[in-house]
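Asks: Take this structure, written in structure tokens, and hold onto it; I'll ask about it next.
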Amino acid sequence: MPTTLLDAALDHAPWLVLCLLLAAFGLVDARIVARENLWVVVQQATPIALLGLAVFWVLLTGEIDLSAGHSVTLSAVSMGTLLSSGVALPAALGVGFACCAVVGCVNGLLVAALRIPSFIATLASMLLLQGATLIVATTGTILVLDPRLRAFAGSAGAGVSPMVAFTAAVALGSWWLARWTGFGLKTFALGSHPARAELAGVRVQVQKFGAFLLSSVYVFLAAAIIIARVPVVNPGVGGTGLLLDAIAAAVIGGTSLLGGRGTVGGVVCGALTMSLLTAALRVLGVEPSSLDLYKGAIIVLILLGDRSLHALRALAHGQRHG
């Protein structure tokens with residue numbers, strides 16, 4: 001393959017993978033690529049995409065946030081509890097946002113100010129959030145029937161719902177923030193080479209704190225999307241399962257776990273890929289208990305293919321300049 005074609009393939013690898021999966025699943029079972037099922041795929045991808053963007057900003061700095069999924073859970077359960085008690089929607093949303101912002105600030109301070117490794121700091125936060133969620137969700141299952149949330153989520157066959165349009169707008173704004181603002185450029189620089197970024201005037205610890213705080217906004221949006229999509233919330237929503245899907249979406253989309261590399265479009269594509277995998281496996285009759293096994297195997301194959309393409313590009317470039 002000519003180097004230019006290989007470079008183009010790598011630059012658009014997440015979208016090529018998504019197209020290949022659609023084609024493969026379509027050959028296996030046409031129901032998977034039916035309009036109704038694809039609509040479900042897009043809807044289910046919205047919280048993954050939003051939490052994936054939360055993960056994206058933290059990963060860019062070379063850090064990780066293991067508490068994001070449980071922050072979604074606490075926020076969703078808090079908002080659901082308030083709404084079921086008759087609290088007005090704006091007030092409930094305000095409390096949900098406050099929960100996420102506090103977690104983001106605490107994580108940011110632990111990592112940036114106290115220099116605690118993010119893995120340890122956010123693991124501790126995750127455990128605290130699990131306990132706090134169980135305290136808030138005293139009834140276990142919370143019914144949320146606000147008609148404005150149902151209208152926002154939309155329904156299958158109803159065209160582009162406000163929820164999907166909103167998520168697309170958030171992704172577009174995130175692309176602008178990452179590509180065209182000082183904050184985005186500094187975050188990429190920090191993850192690529194912290195020492196050089198500091199020499200260039202980037203306030204490293206402030207930038208890390210800002211990334212955790214910005215991440216909390218996306219966490220809140222993911223929680224709000226969840227309570228809009230489902231009429232019942234409980235301590236099982238969000239959590240580790242959603243976080244792993246979000247991390248996988250970011251990595252499949254090209255975000256480096258070492259920092260400094262990734263795209264917003266790649267995260268969105270990764271979220272669609274994860275949602276498609278889940279929907280396809282369900283259509284094919286895979287037992288819920290085995291979903292993670294099959295998804296994990298497919299993700300490993302995708303990442304192996306991606307690494308192979310990168311190795312080929314490095315080899316081709318080495319031969320060209322050798």
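The values are calculated or read from the model by the stated rules, or taken from the named source; none is laboratory data. Bear in mind that the values here come from a model prediction, so they are computed numbers and not experimental data. So basically every Cβ, Gly included, is an ideal-geometry build from the backbone, and we count neighbours across all protein chains shown.
Asks: Based on this model, can you work out whether Leu272 counts as at pLDDT 70 or above, out of contact with any His (no Cβ under 8 Å at 6 or more places or on another chain) and farther than 21 Å from Gly52 by Cα?
Replies: So Leu272 fails the test.
Asks: From the list Leu258, Leu303, Leu272, which one is closer than 29 Å to Pro162 by Cβ, within 18 Å of the chain's Cα centre (by Cα) and in contact (Cβ under 8 Å) with a residue 12 or more places away in the chain? Step through it out loud before you land on a result.
Replies: Numbers: Leu258 fails: closer than 29 Å to Pro162 by Cβ; Leu303 fails: closer than 29 Å to Pro162 by Cβ.
So the residue among Leu258, Leu303, Leu272 that is closer than 29 Å to Pro162 by Cβ, within 18 Å of the chain's Cα centre (by Cα) and in contact (Cβ under 8 Å) with a residue 12 or more places away in the chain is Leu272.
Asks: If I filter the range 211-230 for residues that are over 27 Å from Lys295 (Cβ atoms), among the β-branched types (Val, Ile, Thr) and in a helix (DSSP H, G or I), do I get at least one hit?
Replies: Within the range 211-230 (the criterion being over 27 Å from Lys295 (Cβ atoms), among the β-branched types (Val, Ile, Thr) and in a helix (DSSP H, G or I)), the answer is yes, since at least one residue qualifies.
Asks: Continuing with this model, one more query. So, of the residues in the range 52-77 that are part of a helix (DSSP H, G or I) and among the polar types (S, T, N, Q), which turns out to be surrounded by the fewest Cβ atoms within 10 Å (Cβ to Cβ)?
Replies: Filtering the range 52-77 for residues that are part of a helix (DSSP H, G or I) and among the polar types (S, T, N, Q), the one surrounded by the fewest Cβ atoms within 10 Å (Cβ to Cβ) comes out as Thr73.
Asks: Here is a list: Ala197, Ala222, Ala169. Which entry is free of Cβ contacts under 8 Å to residues at least 40 places away in the same chain and either under 27 Å from Gly80 (Cα atoms) or in contact with a Phe, Trp or Tyr (Cβ under 7 Å, 6 or more places away or on another chain) (or both)?
Replies: Of the residues listed, the single one that is free of Cβ contacts under 8 Å to residues at least 40 places away in the same chain and either under 27 Å from Gly80 (Cα atoms) or in contact with a Phe, Trp or Tyr (Cβ under 7 Å, 6 or more places away or on another chain) (or both) is Ala169.
Asks: Which residues, taken from the range 78-127, are small (Gly, Ala, Ser), loosely packed, with under 14 Cβ neighbours inside 10 Å and touching a residue at least 12 places away in the same chain (Cβ under 8 Å)?
Replies: The answer is Ala113, and nothing else.
Asks: Further question on the same structure: Being free of Cβ contacts under 8 Å to residues at least 60 places away in the same chain and touching a helix residue (DSSP H, G or I) at 6+ places or on another chain (Cβ under 7 Å) is the filter; apply it to the range 17-47 and report the residue that is farthest from Val160 (Cα to Cα).
Replies: Result: Gly26.
Asks: Let me ask another. When you look at Ala246, is it touching a Pro at 6+ places or on another chain (Cβ under 9 Å), surrounded by 24 or more Cβ atoms within 10 Å (Cβ to Cβ) and modelled with pLDDT of 90 or more, yes or no?
Replies: Against the criterion (touching a Pro at 6+ places or on another chain (Cβ under 9 Å), surrounded by 24 or more Cβ atoms within 10 Å (Cβ to Cβ) and modelled with pLDDT of 90 or more), Ala246 qualifies.
Asks: With respect to Val170, determine if the residue is part of a helix (DSSP H, G or I) and among the aliphatic types (A, V, I, L, M).
Replies: yes
Asks: Does Ile142 meet the test of being among the hydrophobic types (A, V, I, L, M, F, W, C), under 26 Å from Cys105 (Cα atoms) and surrounded by 13 or more Cβ atoms within 10 Å (Cβ to Cβ)? So that I can check it myself, show each step before the final result.
Replies: Working: among the hydrophobic types (A, V, I, L, M, F, W, C): yes; under 26 Å from Cys105 (Cα atoms): no; surrounded by 13 or more Cβ atoms within 10 Å (Cβ to Cβ): yes.
Criteria not met by Ile142.
Asks: If you don't mind, another one. Quick test for you: out of Ser84, Ser71, Ser78, pick the one residue that is modelled with pLDDT of 95 or more and either on the phi < 0 side of the Ramachandran plot or hydroxyl-bearing (Ser, Thr, Tyr) (or both).
Replies: Exactly one residue qualifies, and that residue is Ser71.
Asks: From the residues in the range 127-154 that are farther than 18 Å from Val232 by Cβ and not small (Gly, Ala, Ser), which one is farthest from the chain's Cα centre (by Cα)?
Replies: Out of the qualifying residues, it is Ile135.
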